[in-house]
1. Name the long-range amide H neighbours of residue 16: under 5 Å, sequence gap of 5 or more, or other chain; modelled H, no Pro or chain starts.
2. Which of the lysines could be linked to residue 170 by a straight reach, that is with a Cα gap under 19 Å, when you skip same-chain ones fewer than 8 residues away?
3. Using a 7 Å offset from the Cα along the Cα-to-Cβ direction at both residue 180 and residue 315, what is the distance between the two label points in nm, to one decimal?
4. Is it possible to state the helix-based mean residue ellipticity at 222 nm for the chain, with each DSSP H run of 4+ residues giving -39500 (n - 2.57), the sum divided by total residues, to the nearest 500 deg cm²/dmol? What is it?
5. Once each part is reduced to its C-alpha centroid, what is the distance from the stretch 325-362 to the stretch 268-319 in angstrom?
6. When the chain is fully extended, how far beyond the present Cα-Cα distance does residue 170 get from residue 232, taking 0.36 nm per residue of separation?
7. So for the chain, averaging the separation of alpha carbon pairs under 8 Å that are six or more residues apart and normalising by length, what relative contact order in percent results?
8. Compute the orientation-averaged projected area for the stretch 103-272 from the convex hull of its Cα atoms and round it to one decimal in nm².
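Please treat every number below as a calculation from the coordinates, not as lab data. Worth saying up front: this structure is predicted, and the values here are computed from it rather than measured. Reconstructed Cβ throughout: ideal geometry from the backbone, glycine too, with neighbour counts over all protein chains shown.
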Amino acid sequence: MDHFNYRNDVLYVEDVPLADIAGRFGTPCYVYSRATLERHWRAFDRAFRDHPHLICFAVKANSNLAVLNVLARLGSGFDIVSVGELERVLAAGGDPGKVIFSGVGKRVDEIRFALEVGIRCFNVESESELRRLDWVAGELGVVAPVSLRVNPDVDAQTHPYIATGLKENKFGIDIQVAESVYVQAAALANVRIIGIDCHIGSQLTDLAPFVDAMGRVLALAERLGEQGIRFTHLDLGGGLGIRYLDEHPPEPAAYAAAMSYQLGDRPYEIILEPGRAIAGNAGVLVTRVEYLKQTGHRRFAILDAAMNDLLRPALYQAKQDIVPLRRDLEREPAHYDLVGPVCETGDFLGKQRLLALGEGDLLAIRGSGAYGFTMSSNYNSRPRPPEIMVDGEQVHLVRARETIQDLFRDESVLPQ
Ligand code: LLP
């Protein structure tokens, strides 16, 4: 459930009509709901209340400081994949002691900074990284807390670009060899094993792959125990899907129940890295119809938002719901392709959507709170949209719209 609802055919975010926000800040603009973010975070927190747990929001899904700050105030931890994300977490008031560092390409400077601020754990994705971590920690005279990200070879049954738990993916350490890498890790002077980590993919709408992965991770945990390798947490990653159009993903409670059932009375702390399930339906991208255009074959609605603002439809053929800010039940609907002004055939936000449209209408592209702004770019020299967070009746601009000058401020021409 989220807090974007119609009242008398007018779409509201919490207690504010979205059209008021569009009028004040212009379009396109991202609008987030604080109550929705909090609700979704708490749904995970409550679902795992019977186990010690830490929910580490995946910063890549939405890294706006206001979003991170709202979650930090709830006590959230954070899953990061770069020093940039770590700096954002710190700037937003996040606790470094609740930060998990994932990703296959951690640079020396990133490792050093993360050690200096004292993050909770490094999710190590290769033997080389393990050696690098040991070396950097040794230089700093500290011990690096680690878990190995194991690749369980489970088919997440999601879009191939966002499946990460198969043998052919670049992520993690093959679960078959993980045991021997743990043995190596145990022998290193400057790392301390504290967990096992596993993330198999994103936008999963079925529990079976999670259950399958958990089974394999628990089997590994048992083998490690037999070798005398001790650790305190299991990091189950993120990946729980959301409803964009007609999907029926499990609720966090059902996911937690399935995981708890498998876990039984094993004493591990559970760490989670959800991104999309917390932020996805807590945000919309508001856009205006610039032109309606009919060709021999199709009707197009040309929007002022484009693939540079919201890449998911172009990159993954993702389908997100697109709804009017004001429903006009008198008008005849028709099927439209909703496209942006960018010079690419792949620049669409929705295809063959049944909508009653007029030029100048305002639309909301739902499910844009995760992997929306964070994947935006300046392609075609388009300034990125502002981000706005609504809290009840309050409207806060949490990132201003970029200006054209911002785009080339740091560029220069060659000397004469
Ligand atoms: N942990 C790790 C190690 C990850 O790689 C990811 C996402 C997450 C957690 C969070 O997954 P979530 O709960 O959000 O599914 N840009 C794509 C999604 C890429 C996900 C990458 N990794 C999209 O827009 O669908």
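1. So residue 16 has HN proximity to no qualifying residue.
2. Reachable lysines: 60, 106.
3. A separation of 3.5 nm, rounded to one decimal place.
4. The helix-only estimate for the chain comes to -9000 deg cm²/dmol at 222 nm.
5. Cα centres, the stretch 325-362 to the stretch 268-319: 13 Å.
6. Extending this stretch completely gives an extra 19.7 nm.
7. 19 percent
8. Spelled out: convex hull of the Cα atoms, projected over all directions, averaged, 10.0 nm².
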